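Worksheet: the structure to be examined is printed underneath.
Laboratory data are not the source of any read-out in this text; all were calculated from the coordinates shown. A quick note: this is a predicted structure, and the numbers were derived from the prediction, not measured. We place every Cβ from the backbone using ideal geometry, glycine too, and count neighbours over all the protein chains shown.
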């Protein structure tokens, strides 16, 4: 199923490169994104780790909510008639995928990636849920503004999207400072057994 969905996604991207194939290509892209989201929701270990606590639960919440946004983005592409039409359907699809999905993945993986790459500790704190919740709530407002043709809602949603990203950056910096800059701490997911 994954291979089929990936083939449909690649065919959609390739077909949409030509003006005559753009409507069918972007429709295939939308279907493939929604299908991949459903496949990921079913196959990802996050379905089990969401029942734990601490950092593993936070990561699982980020992943699962990101998959929801990926599905919404795929559906929005199909319902809006593709990405070539522009307008509110384009805005909804683009932000569901690039903000909802991508930044849910960034939020969830940052506590693992930063210690490995930057050699700084990023201790888990429940604060991490605040930027994530603000990101999701502001995206709901933004997409509601798109679909109900309410430009003010879209503007407010966009403003709070930016605040959510800023809250994530500031919260991550605060966690790094609390963890001690320069220490090579590993997240709890990867503690070595002694």
* Asked: Can you find a residue in the stretch 142-156 that is crowded, with 21+ Cβ neighbours inside 10 Å, within 16 Å of the chain's Cα centre (by Cα) and under 17 Å from residue 179 (Cβ atoms)?
  -> no
* To do: Provide a single number: the residues in the stretch 14-42 that are closer than 16 Å to residue 70 by Cα and either surrounded by 17 or more Cβ atoms within 10 Å (Cβ to Cβ) or in contact (Cβ under 8 Å) with a residue 12 or more places away in the chain (or both).
  => 16
* To do: Mind listing whichever residues of the stretch 57-80 are over 17 Å from the mean Cα position of the chain (by Cα) and crowded, with 16+ Cβ neighbours inside 10 Å?
  => 78, 80
* Asked: Could you say whether any residue in the stretch 91-99 is over 13 Å from the mean Cα position of the chain (by Cα), more than 14 Å from residue 57 (Cβ to Cβ) and surrounded by fewer than 22 Cβ atoms within 10 Å (Cβ to Cβ)?
  -> yes
